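The values are calculated or read from the model by the stated rules, or taken from the named source; none is laboratory data. Since this is a predicted model, take the numbers as computed values, not measurements. Every residue, glycine among them, receives a Cβ derived from its backbone with ideal geometry; neighbour counts consider all protein chains shown. Just so you know, the surface numbers come from the protein's heavy atoms only, side chains and all, with ligands and any DNA or RNA stripped out. Shrake-Rupley method; radii C 1.70, N 1.55, O 1.52, S 1.80 Å.
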Amino acid sequence: MQRVYKLLFNIKERPIAFLGKKSLERLEFSLAGYIYGVYECEGTSLNVFQNRFNDFVAKKYQITSSHNWGSIIRFYHCGE
């Protein structure tokens, strides 16, 4: 899970280098691809990270529905 945090830190520091442009959608797809790649290559599930990140965002915005973190952020912040 530390690798995901490191990746997020690196994306935060240099979003253009990792995503091409600052974009919530690109961040979602990049994280999903990274998580899938780790699972395929190592058999390691990062569901704990995904669940904690969803919970963190839902708590921040006081959401009790089952929407994912990207949907919640997109709802509160129009546009990319």
When every residue in the stretch 48-57 that is free of Cβ contacts under 8 Å to residues at least 24 places away in the same chain and either more than 16 Å from residue 70 (Cα to Cα) or of a type in the set (A, V, I, L, M, F, W, C) (or both) is compared, the one most open to solvent (accessible area, probe 1.4 Å) is 56
Do any residues in the stretch 16-45 that are surrounded by 12 or more Cβ atoms within 10 Å (Cβ to Cβ) have Cβ atoms under 6 Å from those of residues that are among the basic types (Lys, Arg), where the two are at least six apart or on different chains, and which pairs are they?
19/26
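On the given criteria, is residue 12 part of a helix (DSSP H, G or I), of a type in the set (D, E, K, R) and either at negative phi or open to solvent by 100 Å² or more (accessible area, probe 1.4 Å) (or both)?
Numbers: part of a helix (DSSP H, G or I): yes; of a type in the set (D, E, K, R): yes; either at negative phi or open to solvent by 100 Å² or more (accessible area, probe 1.4 Å) (or both): yes.
Judged against the criteria, residue 12 is a match.
From the list 72, 63, exactly one residue is open to solvent by less than 100 Å² (accessible area, probe 1.4 Å), of a type in the set (A, V, I, L, M, F, W, C) and either modelled with pLDDT of 95 or more or assigned to a helix (DSSP H, G or I) (or both). Which is it?
None of the others qualify; the one that does is 72.
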